[in-house]
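Report on the following structure.
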Amino acid sequence: MNKSFDGVPVLNNINLTIEDGEFFTILGPSGCGKTTLLRMIAGFIAPDSGAIYLGSENILGLPPNKRNVNTIFQKYALFPHLTVYENIAFALRIKKLPEKEIRDEVKKYIELVGLSEHVHKKPNQLSGGQQQRVAIARALINKPGVLLLDEPLSALDAKLRQNLLIEIDNIHDEVGITFIFITHDQQEALSISDRIAVMNSGNILQVGTPAEVYEAPSDSFVADFLGENNFFDGVITSFVDERFARLQNPILGEVVIEMDKALSLGDHVRVSIRPEKLKLSKVQPPQTDKILNVVKAFVHEVIYSGFQSKYFVWMEGDKNMPFKIFKQHAIYFDEEDEDVVWWDEEAYVYWDADDGFLVEVNAGEAK
Ligand SMILES: Nc1ncnc2c1ncn2[C@@H]1O[C@H](COP(=O)(O)OP(=O)(O)OP(=O)(O)O)[C@@H](O)[C@H]1O
Ligand SMILES: [Mg+2]
């Protein structure tokens, strides 16, 4: 599927298959085309080329109200003059269902979203989170095959976002229909989705489970967007076996990496290692049956934040190779403890070779 606005491409060759009943998230930075994609699924705008299937039916020719999908927008589009009850009942009244049936249905969905105590309030008497729940109930009462949610939590504060996110997840489990959820918040995406499509500049870069996109991002944009990284570059100089290769980096020296992709001698590669995968110690790490990379580093900053500390180090003491290391405090943290690494100290940074991942490979000079 493709879409341009005034000759400017906004979506390029979008090709997605979303499974029935799936919680599918479209994740990407502001302006990458998420809402445009959702509006095309909903039928508010048409793609320049391509098709959209719901099951086996191409729904491209159908107007929004004939598509079996409902949308929840970023801003609550509730009727301000109607109560919670009447907002939710609205679609059923249009369908002219018998009063008893409407009452039973509305009651069911009000309970589903936890608003039983607020049925007679008007939208301006509700909190943002409660308004968004009305919007969810109002969309679900139409029994759509697909629910589209365009950043439904973005107007809420952090705590409330988290609570409502868990509730949306529970509602999804309860109703069992397909949810297509849009967000630019990677934490939200990772915590709620069955699968995530990561978008940038109108392109889908990777589709996978939360663990797949986090642990094995397809390129450095995805790696960066989904969390914190330490990147280093190098040239492949030799192979350990079929799984591991050695690279040379001017500051780090020789580092062993796992080959997630096929590599040749002389290839220039970029590797990422997440800060939580790095370990820091005053003493040389013990031998294990894993392949360890061990590099000396200088700690130039430590930020203690209760459950963890963030260490900012210079690898080999070189300011041109700053790394971040996140250390969880699973046991009581005592800054007097002699094992604790602190400012202006030298320490060993080490990591299992298979914990890094390749984010870029460029073929070397012809051999
Ligand atoms: N009707 C339109 N006419 C012209 N350009 C548009 C139109 N709608 C969207 N665009 C442009 O298309 C691009 C993608 O917009 P879109 O709203 O899909 O982004 P988004 O990923 O939803 O961003 P956000 O996270 O900020 O909501 C933007 O550059 C936007 O300016
Ligand atoms: Mg948007």
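Read the figures in this text as sums done on the coordinates, not as results from a lab. Computed from a prediction, not measured in an experiment: that's the story for all the values here. For neighbour counting, all protein chains shown are included, and Cβ atoms are generated from backbone atoms with ideal geometry for every residue, glycine included.
Remarks
- Near the amide H of residue 149, within less than 5 Å, lie the amide hydrogens of 72, 180, 181, 182, all on another chain or at least 5 residues away, with H placed in the peptide plane.
- Taking the chain and dividing mean pair separation by its residue count, relative contact order in percent (alpha carbons under 8 Å, at least six apart): 16 percent
- Over 31 Å (Cα to Cα) - which of 75/96; 75/143; 159/277; 159/296; 290/319; 34/319 fall in this group: 159/296; 34/319
- Here the extension length gained between residue 48 and residue 173 equals 41.5 nm, from 0.36 nm per residue of separation less the Cα-Cα distance.
- Cα long-axis angle, helix 128-140 against the chain (0 to 90 degrees, to the nearest 10): 60 degrees
- Acute angle (nearest 10 degrees) that the helix 158-175 long axis makes with the longest principal axis of the chain, alpha-carbon atoms: 60 degrees
- Separation between Cα centres of region 129-169 and region 58-108, rounded to whole Å: 15 Å
- Euclidean distance of C-alpha centroids, region 178-204 and region 248-316, integer Å: 29 Å
- Distant-in-sequence amide contacts of residue 205, defined by a placed amide H-H separation under 5 Å and a gap of 5 or more residues or a different chain, comprise 198, 199, 200.
- In this structure, residue 224 and residue 16 have a Cβ-Cβ separation that, at R0 = 22 Å, corresponds to a calculated FRET efficiency of about 0.50.
- Cα shape, region 230-362, gyration tensor, a/c 1.5 rule: prolate
- Cα shape, region 112-181, gyration tensor, a/c 1.5 rule: oblate
- Value at 222 nm in deg cm²/dmol, rounded to 500, when DSSP H runs of n ≥ 4 in the chain each add -39,500 (n - 2.57): -7000 deg cm²/dmol
- Distant-in-sequence amide H partners of residue 230 (H built 1.01 Å from N, under 5 Å): 273, 274
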